[in-house]
Structures are given as C-alpha cells and as structure tokens.
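Visitor: Please see the structure below; I have some questions.
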Amino acid sequence: ANRQRRRRRRRIALTKRNRAMISPSVSSLLKFLSVAACFKVVRCDVTSFRSDQPSLSAAASRRHRQRASDSLSSVFRPSPSRRASAIASAIPVSSEPNAGNQNLIVAAGTYVVNSFKKFADGSSQLWKNYQSAKDIRRRLGADERVSYSDFMLLQTGKEDKQKLMNLGFMMVFASEMLPYCFMFFPNMMPSTFAPDADPEEIAEHERRSRIRSHAVVETCLALESAVHKPPGMFAVFNIFQRGKAGKARERSASTVNRAALILEIAAREEEEDGEGGDAVLDLLGDVLVARNVEKVPKGKKNGPPRYLPPTKLQTRLGTIPKPIVKGLFKCEGLADPFFIMPSFMLRNNVVAHLNRINDADEFLVRKEIDLSGLSRRELIDACARRFIPAGPARSNGSMRDDLALWLRRSVDKKAQPKGKGKKQTSDVPMPIHELKIAAMLGYNAILTAKDSTSGSPLPRLLHGQ
C-alpha cells in the first residue's frame with residue numbers, strides 16, 4: 001500500500017511538472033492569436049475575413065469614387081445646408097444586403113480558425129520539404145544530377161531548420177516573449193508559414209524595387225551624416241575623445257569621397273560598354289584582398305612573403321561601415337518598420353545571405369548548370385537574390401546574360417592555399433570573397449534604384465533617370 005501511494009504521488013508530481021512546462025507555451029500561443037486577431041479586426045475591414053464575401057465591381061467602385069469626389073467638392077461650397085447630405089452621400093454603400101454586417105467576434109473566430117489551418121498546412125509542407133531534402137542530399141552524395149530548384153530547396157531547408165531550432169529555444173526559455181518576437185520579426189517563422197507571395201509579377205517587382213531604392217537612399221544619407229555628426233549618441237558630451245571623433249569623421253569623409261569617385265567612373269563605364277561592375281571591382285582591388293603576411297621566425301632566412309587567410313573580422317564585414325551593412329540587410333527585404341536588431345546580429349544575417357549566394361554560385365558553375373534550362377520564375381528568383389534588376393520589362397535572355405556575368409565575376413580562380421586550418425598560406429594575397437559579393441550586391445542595388453522600371457519614381461530623379 002505504501003508503494004502504491006508513493007507511485008501515485010510520483011505520477012501527480014510528474015503531471016504537475018508537465019503542465020507547468022506546457023502551460024506557458026500554450027498561453028503565449030493563445031495570447032499571440034488573440035492579439036493578432038484583434039489587430040486584424042481593428043485595422044482591416046471586417047468583410048475581409050470572409051473568403052466568400054462579394055466585392056464591388058470595377059464600375060461600382062468608379063461610381064463610388066466619383067460620388068465621393070463630387071460630394072467632397074460640394075462640402076467646401078458656401079451653402080451650409082448641403083454639407084450634411086454631401087458627407088452622407090460620400091460613404092459608399094454596397095448593393096449586397098449582408099455586406100459589412102458580420103459580427104466582430106465571428107470575424108475574430110474565423111481568423112483564428114484560418115490561422116490554425118495555415119499552421120497545419122505549413123507543418124505538413126515542412127515535413128514534405130524535409131523528406132525531399134534528404135533525397136537531394138543522397139543524390140548529391142552519389143554525384144547524381146541535381147537541378148537548380150532542388151538545390152534551392154536544400155538551401156531553404158537549412159534555413160527552416162535553423163529557424164525551428166530558434167523557435168524551440170524561445171518556446172522553452174522565453175515563451176512569454178514569442179508574441180512580441182512574431183510582431184517585430186515576422187521572418188523568424190519557417191518559409192512554409194510565410195504568407196503567399198503576390199502572384200502578379202508587376203506587383204512583386206514594384207515592391208522589391210521600392211524597398212531597394214529606399215535602402216540605397218537611406219544608406220547614402222547615413223554615410224553623409226557620419227561626416228558631419230559625431231559617432232554615438234553621447235559623443236558630443238565626451239570632451240576627452242573629441243580627437244577620436246574627429247578622426248572618425250575624417251575616415252567617413254574619405255569613404256564618401258572614394259565611393260562617389262568609384263560610382264562616377266562605374267556609371268561612365270556602364271554607359272559605354274556595360275562593364276560598370278568590373279570597374280567597381282578593379283577600383284576596390286586593394287580592399288577585397290587580405291594582405292596578412294606570415295611572420296618569419298627568428299633565425300630563418302627571409303624568402304618571398306607568405307600570405308595568411310582573411311581574419312574573422314574581415315570575413316564578418318567588420319571592416320566596412322555599419323550603414324552599408326544595414327543597407328544590404330534592408331535590400332534583402334527583411335527589415336520591418338519596427339525592426340530593432342543589434343549590430344552583430346545584423347552582420348550575421350547579411351553574412352549568411354552572402355554565404356547562401358556563394359554556395360548557389362559554386363553549384364551553378366561547378367555542376368555546369370545550363371542557364372537556358374531555368375524557367376522564368378527561377379531566373380527572377382536568382383536575379384532577385386543577387387539584387388539584379390528583374391521584372392516584367394526584362395526578357396529571359398537579358399536576365400540570363402546578367403546572371404552569367406555575375407557568375408563570371410563571382411566564381412573566379414582563387415589562390416590555392418597550402419597547409420590546413422589556420423596554417424594555410426599562399427604566394428599571393430587571398431581574396432575576401434564576402435567583401436567582393438557585398439560590393440557586387442551594393443552596385444546592383446544602385447542599378448535597381450536607377451532603373452527606369454523601378455517602383456519608386458522620386459529616387460530615379462536623383463540619378464537623372
């Protein structure tokens with residue numbers, strides 16, 4: 001009897017402990033769903049929660065806009081007796097009897113149900129992608145033929161796996177913060193849970209070009225402001241480091257002047273023969289290589305210098321200004337209006353994007369993938385990842401030529417180091433491939449801002465387009 005009582009107590013304690021571990025995660029999920037539902041209900045029209053809600057026709061929408069325009073113009077007339085009727089007639093009224101009469105609670109419930117359906121579909125697709133990725137890895141190990149879409153699925157699977165690990169860590173150790181993480185970092189969810197992309201190619205191109213045009217303008221303004229403003233929020237009150245602040249402003253001025261000179265020469269080369277990217281890489285040649293010379297031990301004859309691999313500071317983009325790194329991050333489309341991210345996390349995200357591009361370039365070149373076999377959707381995706389202007393106004397041939405030119409610049413014959421690990425040395429300075437790809441991405445982003453088909457017309461005026 002005592003043994004049975006001890007077992008019963010042990011089962012009760014284990015049940016309480018399991019409930020204590022599960023309840024914070026469940027409560028956080030319910031909080032997030034309720035906050036999201038309320039946010040949707042308050043911001044959006046209630047009728048948008050119903051998939052079967054009939055919408056107004058184009059002719060009806062034009063009639064309502066014309067009625068609103070006439071009514072608003074009549075509001076400002078001297079006659080005050082017509083103002084009330086004008087304001088009342090400015091409100092569009094749907095011809096459907098049940099339009100706009102849906103209960104807010106029903107709308108919120110519908111949104112929660114749709115969210116659970118989206119969660120189930122995303123989980124199922126995530127498992128299917130995992131199984132497909134296993135088969136692709138097996139074929140790669142057997143040196144079998146793998147298409148470009150299969151390789152991109154493998155890369156997406158790696159990203160989703162990392163995101164799942166981060167979500168699991170948050171669920172266990174910071175479950176109460178999950179709703180706020182989803183609110184400020186919506187891209188932390190795996191790709192299968194992302195909202196559906198806009199099926200129209202024009203709308204997607206306008207959105208992407210607008211984001212990159214704004215990022216280019218903001219980066220230029222940030223670099224210019226660093227020349228005239230002291231670095232840091234409280235640097236103006238620090239009287240002991242004014243000399244250091246002055247040196248920082250001088251470095252910023254040198255960076256701005258050199259960038260302006262390089263872009264001016266590249267624009268001239270781009271107009272003449274379309275080799276502006278090659279001009280940028282040639283003018284940045286001394287920055288894109290690591291001149292880390294190996295020290296010669298004492299008592300050994302001094303021979304030809306041996307160069308060491310790039311340091312971690314160089315490969316993690318620690319040698320370029322922070323506004324440029326932030327601009328590259330924004331060009332990826334990951335920055336929301338409320339995003340707040342430390343500098344090291346920002347650099348990690350940008351370096352991860354550079355490594356993914358490097359792996360894809362190596363795959364296309366080493367496996368000798370025929371670019372003519374890529375579909376238009378795959379061409380647009382490949383060009384968009386490399387910030388190459390791609391949209392409905394461009395043909396498959398022009399995008400394929402730009403992608404081939406990128407691969408020629410990106411995948412070159414690198415210096416073959418000797419030795420293993422940190423003992424690797426070379427006769428010539430080793431290239432810093434991350435800096436090279438970052439420079440190519442930055443130049444392509446500027447070309448996107450100058451493109452005549454960009455979704456932002458005002459930045460085009462700054463470039464004379």
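Visitor: In the range 380-391, what residues are crowded, with 22+ Cβ neighbours inside 10 Å and in a helix (DSSP H, G or I)?
Guide: Keep residues of the range 380-391 that are crowded, with 22+ Cβ neighbours inside 10 Å, which gives 380, 382, 387-390.
I380, A382, listed by residue number.
Visitor: How many residues, within the range 250-267, are open to solvent by 60 Å² or more (accessible area, probe 1.4 Å) and in contact (Cβ under 8 Å) with a residue 60 or more places away in the chain?
Guide: Here the count works out to 1.
Visitor: Further question on the same structure: Which members of the range 307-327 meet the condition of being touching a residue at least 40 places away in the same chain (Cβ under 8 Å) and part of a loop (DSSP other than H, G, I, E, B)?
Guide: The answer is P309, P310, R316, L317, T319, I320, P321.
Visitor: Same structure, new question: Just to be sure I understand the filter: pairs with C-beta atoms under 6 Å, separated by 6 or more residues or on different chains, first member in the range 447-463 and among the small types (G, A, S), second member exposed (fewer than 15 other Cβ atoms within 10 Å of the Cβ) and part of a loop (DSSP other than H, G, I, E, B). Which pairs pass?
Guide: S452/Q465
Visitor: Condition first: more than 26 Å from R376 (Cβ to Cβ) and polar (S, T, N, Q). Can you find one or more residues in the range 124-141 that meet it?
Guide: yes
Visitor: Consider P304 carefully, then state whether it is loosely packed, with under 12 Cβ neighbours inside 10 Å and touching a residue at least 60 places away in the same chain (Cβ under 8 Å). Walk me through it before giving the result.
Guide: Working: loosely packed, with under 12 Cβ neighbours inside 10 Å: yes; touching a residue at least 60 places away in the same chain (Cβ under 8 Å): yes.
Here the answer is yes, as P304 does meet what is asked.
Visitor: Here is a check on your reading of the model: is V287 touching a helix residue (DSSP H, G or I) at 6+ places or on another chain (Cβ under 7 Å), modelled with pLDDT under 90, outside any helix (DSSP H, G or I) and at negative phi? So that I can check it myself, show each step before the final result.
Guide: On the way: touching a helix residue (DSSP H, G or I) at 6+ places or on another chain (Cβ under 7 Å): yes; modelled with pLDDT under 90: yes; outside any helix (DSSP H, G or I): yes; at negative phi: yes.
For V287, the condition - touching a helix residue (DSSP H, G or I) at 6+ places or on another chain (Cβ under 7 Å), modelled with pLDDT under 90, outside any helix (DSSP H, G or I) and at negative phi - is met.
Visitor: Of all residues in the range 171-180, how many are in a helix (DSSP H, G or I), surrounded by fewer than 17 Cβ atoms within 10 Å (Cβ to Cβ) and of a type outside the set (V, I, T)?
Guide: Qualifying residue count, the range 171-180: 5.
Visitor: Shifting gears a bit: If we scan the range 134-156, do we find a residue that is modelled with pLDDT of 80 or more, closer than 21 Å to A384 by Cβ, open to solvent by 40 Å² or more (accessible area, probe 1.4 Å) and within 21 Å of the chain's Cα centre (by Cα)?
Guide: Yes, some residue in the range 134-156 is modelled with pLDDT of 80 or more, closer than 21 Å to A384 by Cβ, open to solvent by 40 Å² or more (accessible area, probe 1.4 Å) and within 21 Å of the chain's Cα centre (by Cα).
Visitor: Which of the residues belonging to the range 104-121 are open to solvent by less than 70 Å² (accessible area, probe 1.4 Å) and either closer than 26 Å to K161 by Cα or not aromatic (F, W, Y) (or both)?
Guide: Our first condition is that a residue be open to solvent by less than 70 Å² (accessible area, probe 1.4 Å); within the range 104-121, this holds for 107-112, 115, 120.
Across the range 104-121, the qualifying residues are A107, A108, G109, T110, V112, S115, A120.
Visitor: Another question, then. Among the listed residues S74, S124, S81, which satisfies the condition of being modelled with pLDDT of 85 or more, open to solvent by less than 100 Å² (accessible area, probe 1.4 Å), part of a helix (DSSP H, G or I) and of a type in the set (S, T, Y)?
Guide: On the way: S74 fails: modelled with pLDDT of 85 or more; S81 fails: modelled with pLDDT of 85 or more.
From the options S74, S124, S81, the qualifying one is S124.
Visitor: Could I ask something else about it? Of the residues A222, A226, only one is under 15 Å from K330 (Cβ atoms) and either at pLDDT 80 or above or in a helix (DSSP H, G or I) (or both); which? Quick ask: steps written out before the conclusion?
Guide: Numbers: A226 fails: under 15 Å from K330 (Cβ atoms).
That would be A222, the only listed residue that is under 15 Å from K330 (Cβ atoms) and either at pLDDT 80 or above or in a helix (DSSP H, G or I) (or both).
Visitor: Going through the range 421-463 one residue at a time, which ones are among the charged types (D, E, K, R) and either touching a strand residue (DSSP E or B) at 6+ places or on another chain (Cβ under 9 Å) or not in a loop (DSSP other than H, G, I, E, B) (or both)?
Guide: The initial filter retains those residues of the range 421-463 that are among the charged types (D, E, K, R), namely 422-423, 427, 434, 436, 450-451, 460.
Of everything in the range 421-463, those that are among the charged types (D, E, K, R) and either touching a strand residue (DSSP E or B) at 6+ places or on another chain (Cβ under 9 Å) or not in a loop (DSSP other than H, G, I, E, B) (or both) turn out to be K422, K423, D427, E434, K436, K450, R460.
The values are calculated or read from the model by the stated rules, or taken from the named source; none is laboratory data. This structure is a prediction, so every number in the text was calculated from the model and none was measured. Neighbour counts are summed over all protein chains in view; Cβ atoms, including those assigned to glycine, are modelled from backbone coordinates with ideal geometry. Heavy atoms of the whole protein, side chains included, go into the accessibility calculation; ligands, DNA and RNA do not. Shrake-Rupley method; radii C 1.70, N 1.55, O 1.52, S 1.80 Å.
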